[in-house]
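The values are calculated or read from the model by the stated rules, or taken from the named source; none is laboratory data. Remember, predicted model here, so these are calculated numbers, not experimental data. Don't worry about glycine lacking a Cβ; one is built from the backbone with ideal geometry, like all the others, and counts go over all protein chains shown.
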Amino acid sequence: MNTLNLRQAIIQRVHDKSEEELNEVIESSIGNDERTLPGLGVLFELIWQDSDPSTQKQLVGTLHNHLVHTPPPLQRQ
């Protein structure tokens, strides 16, 4: 019996999607239920692995800029 891990299952789910469909998957996952976060993480991992160092630097810069201008979430005490 073959079992898929979460990463493999997510990749299999989006494997044959068009660029438009992939965009819809991402857009519908952003700001949605937290159950979509692992999927977004796997998709980001794929993007990261296939990005050159310049693109990776730009992605990190975009993330950093967002975090600098966004207040931290409230912390539970």
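Yes/no per residue for (1) surrounded by fewer than 10 Cβ atoms within 10 Å (Cβ to Cβ); (2) out of contact with any Ser or Thr (no Cβ under 6 Å at 6 or more places or on another chain); (3) of a type in the set (Lys, Arg); (4) under 23 Å from residue 8 (Cβ atoms):
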site: 22; (1), (2), (3), (4): no, yes, no, yes
site: 36; (1), (2), (3), (4): no, no, no, yes
site: 54; (1), (2), (3), (4): yes, yes, no, no
site: 59; (1), (2), (3), (4): no, yes, no, no
Residues of the range 29-65 classified as of a type outside the set (Gly, Ala, Ser), farther than 20 Å from residue 5 by Cα and at pLDDT below 95, total | 3
